[in-house]
Structures are given as C-alpha cells and as structure tokens.
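Worksheet: the structure to be examined is printed underneath.
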C-alpha cells in the first residue's frame, strides 16, 4: 500500500485550560512541533474567538498542522498531515500532547492518497 | 452522541489535472466552497510548489477547509472541518468535487470532540 500522505487526527482531552486561549503559546507550540518533526514552515494563520477558543493552521512544505481549541471543555482537536519520508509526524503529535498537558488523548492515523498506480 | 465538530476527509481522484496547479483557481474554489456552505472566512494561506502541487488552507469561524493537490496523479486530498449547525460542510464537499472535476471520490466523515459531558 503506497500512500502519498499520512494524516494524524488527535483528540486531546483534559488539557491545561490556561494555555488553550493563549494564541501566542499555541502558535509557538505548533511552530515548534512543525520544526521539531523536520517540517519546513511556509505560512500560518491563527484566530482568537470571543469569548474563547483559538483556531490555527501552519502550512508546511510537507502539508499542514492545525489546531482548534475549546478552553471551556479543556478539549483540542489537532491534525498533522504530512507527506514524504523526511518528517516524523508522531514526534509533532507527542510535542502537542505534552505542551498542551493533555491527560487523555487518542490518535487516529489515516493514509491519504492511496493510488492504484 | 454530541460532537463539537464534523470533519469530512475527501479523497478526490481522476480530477481535471489542468486546474490542480492553478493557485488562483484553487483559492477561488476553496473560498467559494466556504462561503456557499455558510461559513465565515477569517484567513487563508496558499503555497505553490515547484515543479507542481499546491497546498492551501482557509480558516473559517467554524474551523477550516484545506486542500493538497498532486497534479501529476490527478489527485487531491481535501478536508472540511466545521463546528456548529449553521454550516453545511456537505455542500462545500460537493462544490469541490464538481469544480475539480473529480471522476472518483470518497468522503469519510469523522466526529471530532465527543465529550463525556
């Protein structure tokens, strides 16, 4: 089975609520996760919602990382989509789990772009 | 089952290869899909790779849409992640399928943020 991309879907629960509404912290965390896993950052877009919650995306040369936070529930949905063999998305996942203080998490891995050729 | 978000993962195959390397077309298509499904666009980030391929993300008030294209294979990976009841992600999916000329497609729907509360 030859897939073009690997997509990790992270469900992060019981996170440290204090950081889930801190856009500077989350941007730094996502950029750190990207660089530490070997990705090349190309761009980013983050938005803080009122009264709470943050959405952020980092576009990398190998696809993207994104995050959506619900501080009121201590919940974060994060995605790490990478292609190529030069990056280690699992490393980025562990950084997010640790930095966000997720006491419970699950990771679903989905192969993207399974072609017939 | 009460989920915070709905995440559609689109595998689009046998697409119109001519549009998969056209960043203006893809940006317009993703922004159209976002607005037509009722979403509020907050930001975007698109990148064209050399010699081919485009990655793009549109951050919406209801989460995000993103796209990664492989013109050489006629393949596109697209994600539509929405929360709330005011948007119709399926409508955005149909717009992407039609505009990209995907002759074969599959859509996997994943519930995100299923909390115990």
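For region B:18-70, take every pair of Cα atoms, bin their distances at 10 Å starting from 0, and report each bin as a whole percent.
All Cα pairs considered, the percentages come to 27, 53, 19, 2.
Over region B:1-103, what relative contact order in percent results from Cα pairs under 8 Å that are six or more residues apart?
It rounds to 38 percent for region B:1-103.
From the label point of residue B:50, set 7 Å from Cα along Cα→Cβ, how far away are the matching label points in the other copies, in nm, ordered shortest to longest?
List, nearest first: 4.3 nm.
Once the label point is set 7 Å along the Cα-to-beta-carbon vector, what list of distances in nm do you get between residue B:35 and its counterparts in the other copies?
3.7
Quick one: check the C-alpha center-to-center distance for region A:26-85 versus region B:57-111, whole angstrom.
What the calculation gives is 18 Å, centre to centre.
Determine the calculated [θ] at 222 nm for the protein assembly as shown from helices alone, applying -39500 (n - 2.57) to every DSSP H run no shorter than 4 residues and normalising by the residue count; nearest 500 deg cm²/dmol.
-6500 deg cm²/dmol
Translational diffusion coefficient of chain A at 4 °C, 1.567 mPa s, Stokes-Einstein with Kirkwood Rh over Cα pairs, in µm²/s as a whole number.
Estimated diffusion coefficient is 91 µm²/s.
With N set to the number of residues, divide the alpha-carbon radius of gyration of region A:49-117 by 2.2 N^0.38 Å and report two decimals.
Relative to the rule-of-thumb radius for its length, region A:49-117 sits at 1.27.
Determine Rg/Rh for the protein assembly as shown; Rg is computed over alpha-carbon atoms and Rh is the Kirkwood hydrodynamic estimate from the same atoms.
Dividing the radius of gyration by the Kirkwood radius yields 0.94.
We did not get these values from a lab; they are worked out from the coordinates using the rules stated. Note that this is a predicted model, so its numbers are computed, not measured. Note that we place each Cβ from the backbone using ideal geometry, even for glycine, and neighbour counts take in every protein chain shown.
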